[in-house]
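Okay, structure first, notes after.
The values are calculated or read from the model by the stated rules, or taken from the named source; none is laboratory data. Everything numeric in this text was worked out from a predicted model, so none of it was measured. Backbone-built Cβ (ideal geometry, glycine too); neighbour counts: all protein chains shown. These area figures cover heavy atoms from the full protein model, side chains too; ligands, DNA and RNA do not enter into them. Shrake-Rupley method; radii C 1.70, N 1.55, O 1.52, S 1.80 Å.
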Amino acid sequence: MSDGFVRFENIQKTYDGKSLVVKSLNLSIGRGEFLTMLGPSGSGKTTTLMMLAGFESATGGEIYLDGIKINNIPPHKRGLGMVFQNYALFPHMTIAENVAFPLKVRGVSKADAEDKVRKALDMVQMSGLQSRKPAQLSGGQQQRIALARALVFEPKLLLMDEPLGALDKQLREHMQYEIKHLHDRLGITVVYVTHDQSEALTMSDRIAVFDDGRIQQLATPDELYEKPENSFVAQFIGENNKLRGVVKEISNGRARVEIGGNTIIDALPIQAEIGKPTIVSVRPERVEIEPSASEVTASGRIEEIIYLGDHIRIRMTVLGSSNFVVKVRNRSGRRTFTAGEEVRIGWALQDCRALDV
Amino acid sequence: MLSMTNIPDQKSLSRQLAVAERRNKIKAFVLVVPLLLFVLASFVLPIASLVWLGGYNDTFSKALPETTRLLQQWDAKSPISEELAASFVTELRAAKLKDAAVPTRVATVINREQAGSLSKIKQVLTASDMASPFKEHLIALNDEWAKPDIWHAMKIVAPSFTPRFYLQALDHRITADGTIVSETDDNAIQILLFSRTLMVAAIVTLLCAILGFPIAYIMAHAETKTSNMMLIVVLLPFWTSLLVRTTAWIALLQQNGVINDLLVRIGLIDNDHRLVMMYNMFATLVAMTHVLLPFMILPLFSVMKSIKGNLTRAALSLGATPWTAFWKVYFPQTIPGLGAGCLLVFILAVGYYITPALVGGQSGQLISNIIAFHMQKTLNWSLASAIGTLLLIGVLLLYWLYNRLVGIDKMKLA
């Protein structure tokens, strides 16, 4: 997947000379890849993107683009397209002038520029608005124009900094698909920054989950969701049930975890050491109620039932944790539940991971 | 159930709206009444009287109404009639009996047109034997009365409504036979002062823009703590008396001042060749730029503060050099602030009085100083009003021009 089109090698960044915002980052991004940097605010993802764009300088390490070290190349010579939060369209220029801007500064002839602007606007389905000013457009339209402007000069790499953050939910989802299709069609390398995990899952080839200035896990969306390597990733991506316990024994690829002082359940030992506390993580939709044959079983009491249309969300107390959530698909003929009911629950061993605390 | 009945027709609906709005309108009007009255009394009326005074002066015609009538009939070429001389002497002496100050005022007005008239008119007032034939008596008193000059002067000042003050403000004068001639070079001082004032205002505006832009930029893009600190420093002069600030420049710039001392001390200039930086145009420019700088910085700062930070970055990422990004993307966004600042500084500079009066010396005097001069020294309020009105018209023209070029709605002051 990764031929190292973009390479971060031991990148460090500090703003105050005391604490590191980015701690020894190593990341390799392949040509044509859609890579998302996902993380909470302050995790270092935006700083990393800004270092790649050239707006921040790395205080340690090297960044390579297409085999060339770019640390000391100023941003306007890096030739990267960038889409900013809040669009950053130039308010005093028309749409056509905005999109033509990167061509104009590159000295592209007027006729060529006009042609390219038209094609770029067609690409984002925004033709016919050339003479309008950005303020006359809706947020979604402005975002498309920003995208057209960042792509019109055919950059090697497209950077996107929370580009959909200011849009409402429905439009955001729509734009996600559109950006993804555009990526598929153009084959351009994209580095995308977001704090929205569903956005990351929808669009990315790979996701780098940032926290505390480090990449916590770098993986494809499905792997990230199904096989989180630490409890931060398990927490951050999707919903997750946490069962706190102590590892008693590890054998045959199984960790035996004592939970609530007397019950012992099996889990995959991902980050588990004998005698150390651990968090056992199980996804709500992987839990079965009244299972026919499950590798791990427990009992629980139903506390609350919430009807959500496509699924039923059941909160129950399991092994001392009163926040254990189970999602049951709403298929016809399903069993009905009542609050206060005691039920058996179970899940497969591979869905149950013993992680760090 | 939803019901579609009871919807009133369009007319009664708009009537209801008008009734509902009326109360708010009255309320709003009552709230602005005090300010309205204040503005009317302190701004509109004085300006109206200013414009009026520039074209109306009845000092002569009120005291000598019959003489005024006869002067207007006189063709200014033929010798004056006995009737005119008689009316002049009797009305003048009658006016003196009513109010002793009036003839002096009349004489002053005539004297402005024809120097030396004052003493001759005083002679007429004090002479004991003024009787018919008045013309002969006058000539006997002083043979100047035989010449047409003083009578011409009186014919010029006699009408109440007169363009002569506005003409004088533009270095022109009206002659007794009604033609308009331009002032001789020695007396042509107003246009020179007008153009000097405009030039000074333009230079001060330019200096303020050049000095203020980078400061406003740094302030707008610094951290809040630093930018607040800088804002206080910029505003500090506002909290100091204008007089103190101006006199501080005297201390700095005079020949035995701080700057000259320093330059002599470090050996850059010789003690015998201290720089003359005070009481001239240079001092006026420096002091005015300093005093008016905040008026440039504040609107610029507020506009720059509202420019989205990532616009320049966006321009850079699209391949623009830092200069292009600044010039094509950042700078155009600052135009409303720059325009507002320039307009503000220019208008204030055009009417500036105290600073040039204190530090300007002879070469640094501006049009406002000449207005004050006519108000306080020559007591020629009509001329002062005429110059003031022309200044006002100039500023309004400028305002109109700004509105055409930039648009007043785009102006941002703070």
(message) So the check is Cβ under 6 Å with 6+ separation or different chains; which pairs have a first residue in segment B:233-259 that's among the hydroxyl-bearing types (Ser, Thr, Tyr) and a second one that's part of a helix (DSSP H, G or I)?
(response) B:Thr246/B:Ala287; B:Thr246/B:Thr355; B:Thr246/B:Leu358
(request) Only one of these is hydroxyl-bearing (Ser, Thr, Tyr), open to solvent by 40 Å² or more (accessible area, probe 1.4 Å) and within 23 Å of B:Thr321 (Cβ to Cβ): A:Ser127, A:Ser131, A:Ser109, A:Ser138. Name it. (result) A:Ser109
(request) Would you check if there is a residue in segment B:129-151 being on the phi > 0 side of the Ramachandran plot and among the small types (Gly, Ala, Ser)? (result) no
(message) Against the condition in the same structural domain as B:Ser128 (by TED's automatic domain parsing) and in contact with a His (Cβ under 7 Å, 6 or more places away or on another chain), how does B:Ala107 come out, does it pass?
(response) no
(message) Cβ-Cβ under 6 Å, sequence separation 6+ or interchain: first residue in segment B:364-379 and part of a helix (DSSP H, G or I), partner hydrophobic (A, V, I, L, M, F, W, C) and open to solvent by 20 Å² or more (accessible area, probe 1.4 Å). Which pairs?
(response) B:Ile367/B:Phe194; B:Asn369/B:Ala357
(request) List the number of the failed condition for B:Val291; all other conditions in (1) more than 14 Å from every other protein chain (Cβ to nearest Cβ); (2) β-branched (Val, Ile, Thr); (3) surrounded by fewer than 17 Cβ atoms within 10 Å (Cβ to Cβ) hold. (result) (3)
(request) Consider B:Thr321 carefully, then state whether it is surrounded by fewer than 16 Cβ atoms within 10 Å (Cβ to Cβ), within 13 Å of chain A (Cβ to nearest Cβ) and either closer than 20 Å to B:Leu392 by Cβ or not hydrophobic (A, V, I, L, M, F, W, C) (or both). (result) yes
(request) Select from segment A:269-289 the residues that are closer than 17 Å to A:Gln235 by Cβ and charged (D, E, K, R) and write down the one among them that is least open to solvent (accessible area, probe 1.4 Å). (result) A:Arg283
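Results for (1) closer than 21 Å to B:Leu138 by Cα; (2) without any contact (Cβ under 8 Å) to a residue 60 or more places away in the chain, shown as yes or no for each residue.
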site: B:Leu17; (1), (2): no, yes
site: B:Pro34; (1), (2): no, yes
site: B:Phe38; (1), (2): no, yes
site: B:Phe88; (1), (2): yes, no
site: B:Leu92; (1), (2): yes, yes
site: B:Thr104; (1), (2): yes, yes
site: B:Ile110; (1), (2): yes, yes
(request) Please list, ordered by first then second residue, the pairs with beta carbon atoms under 6 Å, 6 or more apart or interchain, first in segment B:143-157 and assigned by TED's automatic domain parsing to the domain that holds B:Gln123, second part of a loop (DSSP other than H, G, I, E, B) and not aliphatic (A, V, I, L, M). (result) B:Asp149/B:Gln114; B:Ile150/B:Gln114; B:Ala153/B:Gln114
(request) Scan segment B:132-148 residue by residue and report those that are assigned to a loop (DSSP other than H, G, I, E, B) and open to solvent by 50 Å² or more (accessible area, probe 1.4 Å). (result) B:Ser132, B:Pro133, B:Lys147, B:Pro148
(request) Could you run through segment A:35-56 and say how many residues are within 14 Å of chain B (Cβ to nearest Cβ) and in a loop (DSSP other than H, G, I, E, B)? (result) 3
(message) more than 30 Å from B:Ile387 (Cβ to Cβ) and either part of a helix (DSSP H, G or I) or of a type outside the set (Phe, Trp, Tyr) (or both): which single residue out of B:Ala86, B:Ala115, B:Ala95, B:Ala153 fits that description?
(response) B:Ala86
(request) Report whether or not B:Ser12 is closer than 28 Å to B:Lys147 by Cα and polar (S, T, N, Q). (result) no
(message) Considering only segment B:50-57, I want to know if a residue exists there that is over 21 Å from B:Phe165 (Cβ atoms) and within 29 Å of the chain's Cα centre (by Cα).
(response) no
(request) Kindly indicate whether B:Gly341 is away from chain A (no Cβ under 11 Å), of a type in the set (Gly, Ala, Ser) and surrounded by 20 or more Cβ atoms within 10 Å (Cβ to Cβ). (result) yes
(request) Tell me, yes or no, whether segment B:324-338 has at least one residue that is touching a residue at least 12 places away in the same chain (Cβ under 8 Å) and away from chain A (no Cβ under 14 Å). (result) no
(request) Tell me which of these B:Lys308 doesn't satisfy, since it passes every other one: (1) open to solvent by 10 Å² or more (accessible area, probe 1.4 Å); (2) away from every other protein chain (no Cβ under 14 Å). (result) (2)
(request) Please find, among B:Ala314, B:Ala283, the residue that is of a type in the set (A, V, I, L, M), surrounded by 14 or more Cβ atoms within 10 Å (Cβ to Cβ) and touching a strand residue (DSSP E or B) at 6+ places or on another chain (Cβ under 7 Å). (result) B:Ala314
